Amino acid sequence: MPGEIIPQHDFYSYEAKYLDENGALLRIPAELPPAVRDRVRQLAVDTFVALECSGMARVDFFVCADGRVCVNEINTIPGFTKISMYPKLWEATGVPYGQLIERLLELAIERHQGEQQIETSYHPAG
């Protein structure tokens, strides 16, 4: 689910992002027309897949006044504090914090098990 960060300081500093509970308002869901919201969601998935990410990531966007959507960055280790956007977005979609942690652990274990099947040495015959 797309969310929107509305800074409450002149500059969106480290303090505003991570320390000041009033440093930014988080609007979840973002107030976007349905077509723009769908575009953001699809671009987030496309970005994640194109970069061959696994586990978790948060894809950040700029939405222009004319409705154009531009990927700003992908954050493969998004914040996980009580004021962070990532867990709040999942909670708004019906995945509470504990369940999110469990799912991320499951994904990590699955990835580890898959990587154990990869042959990383070369043993020539003979």
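The values are calculated or read from the model by the stated rules, or taken from the named source; none is laboratory data. Computed from a predicted model, the values in this text were never measured in an experiment. Virtual Cβ from ideal backbone geometry, glycine too; neighbours counted across all protein chains shown. Just the protein is used for accessible areas: all its heavy atoms, side chains included, with ligands, DNA and RNA removed. Shrake-Rupley method; radii C 1.70, N 1.55, O 1.52, S 1.80 Å.
The portion of the accessible surface of region 54-126 made up by carbon and sulfur, rounded to a whole percent, is 55 (1.4 Å probe; DNA, RNA and ligands excluded).
Could you do me a favour and compute the accessible area per residue for the chain, 1.4 Å probe, result in Å²?
On the way: 9230 Å² over 126 residues.
Roughly 73 Å² per residue, with all protein chains present.
Helix 97-116 and the long axis of the chain differ in direction by around 30°, with both axes built from C-alpha atoms. In a reduced charge model with +1 at each Lys and Arg Cβ and -1 at each Asp and Glu Cβ, region 4-107 shows a dipole moment near 200 debye about its Cα centre.
Could you calculate the FRET efficiency of Phe62 with Arg103 from 1/(1 + (r/R0)^6), where r is the beta carbon distance between them and R0 is 25 Å, rounded to 0.05?
Values: r = 29 Å, r/R0 = 1.14.
That pair, Phe62 with Arg103, gives E of 0.30.
When the Gaussian network model of the chain links Cα atoms closer than 10 Å, the mean-square fluctuations of Gln116, Gln42, Gln99 top out at Gln116.
Helix-derived [θ] at 222 nm for the chain: sum -39500 (n - 2.57) over DSSP H runs of at least 4, divide by residue count, nearest 500? Show your work: numbers first, answer last.
Details: 3 runs with 45 residues, N = 126.
Rounded to the nearest 500, it is -11500 deg cm²/dmol.
Please say if region 33-125 is rounded, prolate or oblate, where rounded means a/c under 1.5 for a ≥ b ≥ c the square roots of the C-alpha gyration tensor eigenvalues, and otherwise the choice is prolate for a/b larger than b/c and oblate otherwise? The shape class here is oblate. Multiplying the residue separation of Val45 and Phe80 by 0.36 nm and removing their Cα-Cα distance gives an extension gain of 10.6 nm.
Relative contact order of the chain, please, whole-number percent, based on alpha carbon pairs below 8 angstrom and at least 6 residues apart. Working shown, then result.
On the way: 129 pairs, mean separation 25.4, N = 126.
Computed value for the chain: 20 percent relative contact order.
When the GluC sites (Glu not before Pro) in region 1-85 are filtered for DSSP coil states and for at most 14 other beta-carbon atoms within 10 Å of their beta-carbon, the remaining sites are Glu21, Glu31, Glu52. Loop-located chymotrypsin sites (Phe, Trp or Tyr not before Pro) in region 77-126 (DSSP state other than H, G, I, E, B) with a sparse environment of at most 10 neighbouring Cβ atoms within 10 Å: Tyr122. Taking a point 7 Å out from the Cα of Cys53 in the direction of its Cβ, the residues of region 63-105 whose backbone N falls within less than 15 Å of it are 70-80, 85-90, 104. If R0 is taken as 30 Å, the Cβ-Cβ distance between Ser13 and His112 corresponds to a FRET efficiency of 0.25.
Give the longest segment of the chain that steers clear of trypsin sites (Lys or Arg not before Pro) in DSSP loops with at most 15 neighbouring Cβ atoms within 10 Å, not counting the sites themselves.
Values: sites that count: Arg68, Lys82.
It works out to 1-67.
Relative to the longest principal Cα axis of the chain, at what angle does helix 34-50 sit, 0 to 90 degrees, rounded to 10? Compared with the principal axis, the helix lies near 30 degrees.
Between beta-carbons, use under 13 Å as the cut-off and find the net charge around Arg27, counting Lys and Arg +1, Asp and Glu -1. Residues near Arg27 contribute 0 overall.
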